[in-house]
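The values are calculated or read from the model by the stated rules, or taken from the named source; none is laboratory data. A quick note: this is a predicted structure, and the numbers were derived from the prediction, not measured. A quick note on method: Cβ atoms are made from the backbone with ideal geometry, for glycine too, and the neighbour counts reach across all protein chains shown. Ligands, DNA and RNA are stripped out before the accessible areas are found, and what is left, the full protein with its side chains, is counted by its heavy atoms. Shrake-Rupley method; radii C 1.70, N 1.55, O 1.52, S 1.80 Å.
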Amino acid sequence: MQLSTGEKSLPARLSIKKLSWLMGGRHIAPNLFALSVWGFVTGVAMVNYGLAAWQAVLISFLVYAGSLQLTVAPLMALNAPLWVVFFAAMIVNLRFIIFGASLYPYFRHFSVLRRMVAGYFLTDVGFVLFMNRFRAQRPGRIGMYYGYYMSASVLLWLVWQVSTVLGIYVGSYIPGSWSLEYAGVFTLLAIVIPMVRTHPMLVTVVAAGAASWVGQQLPFRLGLFMAIVVGVVAGVLAEKYGKQGRKTKKGGAK
């Protein structure tokens with residue numbers, strides 16, 4: 001198995017399993033501070049929406065999804081009908097069907113239980129990190145996939161839960177004039193922007209951002225779902241036609 005430059009810098013005597021766990025933790029580490037800020041802001045927001053501290057903590061551990069937590073918290077605080085809460089949650093988390101389907105080829109060799117555990121820890125950042133590292137499947141790397149994914153995901157989970165719980169119990173002491181919601185937006189931008197390294201990724205981000213802005217007034221956070229669909233379609237088309245353009249140039253050069 002050939003290793004990349006980043007992988008070669010790790011101790012050569014490590015087994016594939018240990019190597020994968022070290023790599024996952026190492027690659028997620030630069031994003032942890034920004035994610036901790038986002039988790040803290042989420043904890044503060046849930047309390048400000050009127051949820052009791054124990055309810056906010058329970059949601060954080062059971063649901064473990066920042067955007068979903070911020071979606072259902074105000075609905076629960078307003079005693080919205082249960083079907084409304086579930087419908088809004090389903091719309092916000094529909095993107096994980098796409099994420100899960102994309103990860104299945106990498107994890108199909110593992111048991112159902114291990115795949116379910118991986119599903120619980122699935123996040124946007126973890127998914128992008130994994131797919132950027134393993135764009136194409138290689139037989140010699142099957143043993144690395146699960147370890148890499150779980151190492152990054154568990155570390156992210158720990159940081160998120162600690163920061164969220166801190167926000168839940170400290171949030172009541174923070175003045176509303178601080179506008180912490182903007183801090184959450186800026187931290188997400190700090191995570192996303194460095195990941196935009198190719199033309200299709202740039203097209204995806206721009207298209208999804210535009211669709212999200214257009215659909216921000218839609219009920220049940222449908223604007224988020226629309227942004228996901230538009231972003232995925234735009235990215236796929238950009239990659240498809242980008243490859244065709246490169247092939248045409250190569251053919252013309254011959």
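Results, tabulated for the structure shown:
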{"quantity": "Boolean, Ala34 is modelled with pLDDT of 80 or more and open to solvent by 20 Å² or more (accessible area, probe 1.4 Å)", "calculated": "no"}
{"quantity": "Positions within the stretch 102-135 being open to solvent by less than 50 Å² (accessible area, probe 1.4 Å) and not in a helix (DSSP H, G or I), in sequence order", "calculated": "Phe110, Phe121, Leu122, Thr123, Phe134"}
{"quantity": "Subset of the stretch 79-95 (residues that are of a type outside the set (Lys, Arg) and touching a residue at least 12 places away in the same chain (Cβ under 8 Å))", "calculated": "Val84, Val85, Phe87, Ala88, Ala89, Ile91, Val92, Asn93, Leu94"}
{"quantity": "Some residue of the stretch 5-21 being closer than 27 Å to Gln161 by Cβ, in contact with a Leu (Cβ under 8 Å, 6 or more places away or on another chain), open to solvent by 40 Å² or more (accessible area, probe 1.4 Å) and modelled with pLDDT of 80 or more", "calculated": "no"}
{"quantity": "Residue list for the stretch 213-225, restricted to those being open to solvent by 50 Å² or more (accessible area, probe 1.4 Å) and either within 17 Å of the chain's Cα centre (by Cα) or at pLDDT below 75 (or both)", "calculated": "Pro219, Phe220, Arg221, Leu222, Leu224, Phe225"}
{"quantity": "Which listed residue, of Ala52, Ala73, Ala45, is open to solvent by less than 40 Å² (accessible area, probe 1.4 Å) and free of Cβ contacts under 8 Å to residues at least 12 places away in the same chain", "calculated": "Ala52"}
